[in-house]
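Note sheet for the following structure.
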Amino acid sequence: MHRRDALVFAALVLAVSASAQSASAPQADLAAAQGAWSGKLTYRDYSRPDRLVTLPARLFVALSGPSELVFHYVFDDGPSKTVYSYERMTFDFAGNLISWTSGHPGIKTTQNRIMSSQAQDGGRVIVFEREDGETKSRYVLSLHPKALSLGKEESTPSGEFQFRNRYEFSR
């Protein structure tokens with residue numbers, strides 16, 4: 001009886017393992033972003049828009065699929081105050097879309113249009129946008145072997161874009 005149970009268990013494990021495998025290789029520029037990063041977040045202060053705030057930050061990046069990155073941010077927001085953020089970006093380069101999921105526990109997913117995606121200096125620079133009502137947000141994601149950055153600009157009522165925030169990381 002024990003032998004039969006062991007065989008059934010082994011068959012189940014192999015079936016689960018087989019279903020979790022994929023023939024799709026990861027997108028190379030995304031795969032290169034995996035790992036631990038350190039750097040900073042600089043943002044325009046919400047209460048005083050003329051002032052910039054900079055926080056030390058760490059970032060951990062992993063692939064959760066061939067074209068999906070998971071981000072775990074850790075921010076030092078002052079004495080004894082650590083802030084965590086979790087995000088996931090799914091890239092559809094053929095359809096020029098990025099599905100961006102953020103927030104915990106209040107999860108929000110947005111659809112972003114890829115404006116350009118270009119190989120540059122051994123990495124990739126992706127420019128993408130999304131509209132939220134009358135506001136348009138423009139992002140620039142730069143993935144390189146030793147540097148990763150993500151910047152955001154927001155449209156003003158006049159249609160101009162202004163700096164909102166920028167993450168800058170290195171290994």
Quiz item: For the pair THR42 and PHE60, how long in nm is the line joining their label points, each one 7 Å along Cα→Cβ?
Solution: 2.8
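For LYS108, what is the net charge nearby, where nearby means another residue's Cβ is under 14 Å from its Cβ and Lys, Arg count +1, Asp, Glu -1?
Summing Lys/Arg as +1 and Asp/Glu as -1 gives 0.
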Quiz prompt | Gain upon complete extension [GLU154, VAL127; 0.36 nm per residue less C-alpha separation] | solution = 8.4 nm
Quiz item: If you line up the long axis of helix 2-20 against the longest principal axis of the chain, both from Cα atoms, how many degrees apart are they, to the nearest 10?
Solution: 30
Quiz item: Which of the aspartates and glutamates could a cross-linker span from LYS81 if the Cα-Cα distance has to be under 19 Å and same-chain partners fewer than 8 positions apart are dropped?
Solution: ASP45
Self-check item: Eligible lysines near LYS146 by straight Cα distance, threshold 24 Å, same-chain separation 8 or greater
Solution: LYS40
Self-check item: For the chain: accessible area per residue (Å², 1.4 Å)
Solution: 62
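Determine the gain in length on full extension of the stretch GLU87-GLN118; use 0.36 nm per residue of separation and subtract their C-alpha separation, reporting nm with one decimal.
That works out to 8.9 nm of additional length.
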Self-check item: Residue-level accessible surface for ILE114, protein heavy atoms, 1.4 Å, Å²
Solution: 10
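Report the full-extension gain for the segment LYS108 to VAL74: residue separation times 0.36 nm, less the Cα-Cα distance, to one decimal in nm.
Additional length available on full extension: 10.3 nm.
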Quiz item: Got a sec? What order do VAL70, VAL127 fall in by accessible area at 1.4 Å, biggest, i.e. largest, first?
Solution: VAL70, VAL127
Self-check item: Within-13-Å neighbourhood charge of PRO56 [Cβ basis; K, R +1; D, E -1]
Solution: 0
Quiz item: Among residues other than GLY151 whose Cβ falls under 9 Å from its Cβ, what is the net charge (Lys/Arg +1, Asp/Glu -1)?
Solution: +2
Exercise. Give me the percent of the accessible area of region 72-164 that comes from carbon and sulfur atoms, probe 1.4 Å, all protein chains in place.
Key: 48
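The values are calculated or read from the model by the stated rules, or taken from the named source; none is laboratory data. Treat the numbers as computed from the prediction; the structure is a model and nothing was measured. Using ideal geometry, Cβ is built from the backbone for each residue, glycine included, and neighbour counts are taken over all protein chains shown. These area figures cover heavy atoms from the full protein model, side chains too; ligands, DNA and RNA do not enter into them. Shrake-Rupley method; radii C 1.70, N 1.55, O 1.52, S 1.80 Å.
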